[in-house]
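The values are calculated or read from the model by the stated rules, or taken from the named source; none is laboratory data. A quick note: this is a predicted structure, and the numbers were derived from the prediction, not measured. Reconstructed Cβ throughout: ideal geometry from the backbone, glycine too, with neighbour counts over all protein chains shown.
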Amino acid sequence: MSRPEAAPTDSSSFRNSLAYRSVFVIVGWLSSLWVCLPFEWSRLQAAIASPSGVLGWFADWNPDTTLPFLVLLTLPAIVFAGVRGVRPRVIWLHLIKAAEATDTKGLTKPPRRYWLITAGMFLVSLLCSASIGWREMQIGMSATPSELPDTVRFARLPPAYHDEFSYLLQARTFLAGRFSWPPMMVRPDLFHQIHVLNEPTIASRYFPLTGAWLAPFVAIDVPWLGQWIAGALSCVFFFRCLLRLLPLGSAIVGGLLIAVSPGLAVFSNLLLAHHATMLALSVFLWAFLRLMASNRTADCFIAGVSLALAMLGRPMTAAGFALPIGVWFVLSLLRRLLRKAVSPDVEASLGLRHVLAMGGPIVLGLVVLGIMNQSITGHWNRSAYQYYTDTWTPSHRFGFNNVELGQQVAGPKTLKAYDRWATNLTPGKAAENLWNRTVASSQWSLGITALLFAIICAMPSCCRWSGGDNRIGLVGLSIVSLHLVHIPYWYDGIMHWHYVFETAPLLLMITAVGFRNAVDVMRVLRIKKAMRGWTLALVGSCLLPNWVTAESFWGSSRVSLAVNEQAFSRVRFELFNRLVNSPGIQHPCLILVDERNSDPQLSYIINPPDLSGDVLTCRHPGSAAEIAQLSKAFPSRMLYVFDPEAFQLTKSQLSAQAGDAPAATEKEPRP
């Protein structure tokens, strides 16, 4: 390594140099090591106290820290081998002199040949989703006809969460060309489905984007395919965003990290709003980055349309994601107006066009939502979501002291068991939720150690003050904003992070920036190839426990654990469907579900939106007189009683007395 000429030593030159970035690489490495050390030290102490001695440390690995810890320990050796024999002052001068040599800018207009790489990103994401959805799940057979298969693919099982059933109902409602259905006139309290309004109309409580996206896939009975495609398209657009921020190699790294992210793949097999919303937000970010480079009104319009769609999917998520970008947009318009006052030019008219292009679609989206609200709740300014919360789950409201406030306004229609599931949000609980979401989003997007190292390495690139890029800073601020807007909600989320799910691709974009900075620092030290291998090993050490089961080391993979957890509910719903459709059951029928001692999270009250079909379900009434009323209201249906705890289906005594069914149908066996 030759000795370079002396470089400028002022603070601006230092901030723009690789020497400055090398400080963050060191801090990132130390921070990641510090996260691992307590867990590994605890494991080592436990191993020493065990009969196996120190060798016990090599068993029962911590999936978050053990393998990354081993990789982190190798970095000093790699650096020492690369700079061996070189004086520290020479190394320092090389890092300072390399200020102008660092290429952190992406392409303003990516070449068309990059579409081949983009197609590869789409396929990798699709394959990761399919690797989960196509897993075979074992189904109990004792309660179902022998001709039915004893295994079903995960994607083809019924949903796990009641939110998913609500979105399916919404999709079928849209396929019927309507926003809602007439209300249930016979005991709506017994037929109430979780997350579905049954008055003043029957409709999903949720915002319309997800149902609209799923509708064509529901029509051909493959709703899961819609989620897979949404995830793959999101990966494509986030990769196109990275091409505008980073050189091709680093953009490919970021795109692949998004494509193989375990959390994104798991959620692509859930029929929730996240993937449709994430797709809209990925288009929004891509279009806005184009707008920042081109100032074209067309890009502004695309950004406005996609943001409006995201608001029709998850409004709070869209607001949190777009807040920093919106602030930048408003400030840029104000600067343009100030320049117009000083020196008149054509930019003021361009700013007006941008306001109309961005704001017009958002206003139109609000109009659509108002029309839908009017159709469902009878009030244009009261959403189905708010109506449901106020009427049936007041303790699930947004804000602090939710349970105390909810109990004050709880009415006779409140779903008491489900409403009691909410916990009261206090500042301490909010801090706990924030921590849980931060940890879980780190684990599920990539892994805690690799993410922490890369984010710290990326910090100098987040603002121009340190020679970085404000666009990267906006991505980082969107992550922070998404966490902040969800602080006033009591639940940390499905798998502890679904409220901040859309931070995952943004975190991985920042990760690609951080790895780029780390490799750039090592490039000057002539150990670029070794550093690339090290970063690949660090990424692999985090992804392997997420994707691969290794019983001798960390046990089941995080993905397998999540799939098995969700499969429990899915298999129960599948068994229930097989049970009520078995040959021994006389159709059409009405199933009275006894929910008195059952889990409110596992409700079998799920009906078609028009309340048609051979099988209807409702809650078991409290008296024989009420059962008789149901029998009169549904004279053509045979009544059965289902006990979820025993998983047993028996004919109602009222139906048994009528003698309308063979004796063999009196009782169906338990699985």
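Among residues belonging to the stretch 463-487 that are touching a residue at least 24 places away in the same chain (Cβ under 8 Å) and over 20 Å from Phe284 (Cβ atoms), point out the one that is surrounded by the fewest Cβ atoms within 10 Å (Cβ to Cβ).
Residue satisfying both the conditions and the ranking: Trp465.
Give the residues of the stretch 370-385 that are touching a helix residue (DSSP H, G or I) at 6+ places or on another chain (Cβ under 8 Å) and over 19 Å from Ala308 (Cα atoms), sorted by residue number.
Listed by number, the residues that qualify are Ile376, Thr377, His379.
Per-residue answers, yes or no, for (1) at pLDDT 95 or above; (2) over 22 Å from Met292 (Cα atoms):
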| residue | (1), (2) |
| --- | --- |
| Pro344 | no, no |
| Gly351 | no, no |
| Ile362 | yes, no |
| Met372 | yes, yes |
| Tyr387 | yes, yes |
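Scan the stretch 133-145 and give yes if some residue there is modelled with pLDDT of 95 or more, under 30 Å from Tyr418 (Cβ atoms) and hydrophobic (A, V, I, L, M, F, W, C), otherwise no.
Checked against the condition, which is being modelled with pLDDT of 95 or more, under 30 Å from Tyr418 (Cβ atoms) and hydrophobic (A, V, I, L, M, F, W, C), the stretch 133-145 yields no hits at all.
For (1) surrounded by fewer than 24 Cβ atoms within 10 Å (Cβ to Cβ); (2) of a type in the set (A, V, I, L, M, F, W, C); (3) part of a loop (DSSP other than H, G, I, E, B), each residue gets a yes or a no:
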{"site": "Ile258", "(1), (2), (3)": "no, yes, no"}
{"site": "Ala276", "(1), (2), (3)": "no, yes, no"}
{"site": "Ala293", "(1), (2), (3)": "yes, yes, no"}
{"site": "Asp299", "(1), (2), (3)": "yes, no, no"}
{"site": "Gly313", "(1), (2), (3)": "no, no, yes"}
{"site": "Leu323", "(1), (2), (3)": "yes, yes, no"}
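Quick check on Gln193: is it surrounded by 20 or more Cβ atoms within 10 Å (Cβ to Cβ), part of a loop (DSSP other than H, G, I, E, B) and not aliphatic (A, V, I, L, M)?
So Gln193 fits the description; yes.
Of the conditions (1) crowded, with 23+ Cβ neighbours inside 10 Å; (2) part of a helix (DSSP H, G or I); (3) not acidic (Asp, Glu), Ala160 satisfies every one except a single condition; which number is it?
So Ala160 meets the others, but not (2).
Taking the condition of being of a type in the set (Phe, Trp, Tyr) and in contact with a strand residue (DSSP E or B) (Cβ under 9 Å, 6 or more places away or on another chain), how many residues in the stretch 364-390 meet it?
Count: 2.
Within the group Ile591, Ile627, Ile585, which residue is more than 30 Å from Ala265 (Cβ to Cβ), more than 34 Å from the chain's Cα centre (by Cα) and in a loop (DSSP other than H, G, I, E, B)?
Ile585
Just to verify a result, which residue in the stretch 529-555, among those that are over 22 Å from the mean Cα position of the chain (by Cα) and not in a helix (DSSP H, G or I), is surrounded by the fewest Cβ atoms within 10 Å (Cβ to Cβ)?
Glu551
Of all residues in the stretch 45-77 being surrounded by 16 or more Cβ atoms within 10 Å (Cβ to Cβ) and modelled with pLDDT under 90, which is farthest from Ser556 (Cα to Cα)?
In the first step, residues of the stretch 45-77 are kept if they are surrounded by 16 or more Cβ atoms within 10 Å (Cβ to Cβ); the result is 47, 56-57, 61-69, 71-72, 75.
Checking which are modelled with pLDDT under 90 leaves us with 47, 56-57.
Working: Ala47: 21, Gly56: 19, Trp57: 18 Å.
Looking at residues that are surrounded by 16 or more Cβ atoms within 10 Å (Cβ to Cβ) and modelled with pLDDT under 90, I get Ala47.
Here is a check on your reading of the model: is Leu214 under 22 Å from the mean Cα position of the chain (by Cα) and surrounded by 15 or more Cβ atoms within 10 Å (Cβ to Cβ)?
So Leu214 fits the description; yes.
Which numbered condition in (1) under 22 Å from the mean Cα position of the chain (by Cα); (2) surrounded by fewer than 18 Cβ atoms within 10 Å (Cβ to Cβ); (3) part of a helix (DSSP H, G or I) is the only one that Ala440 fails?
Single failed check for Ala440: (2).
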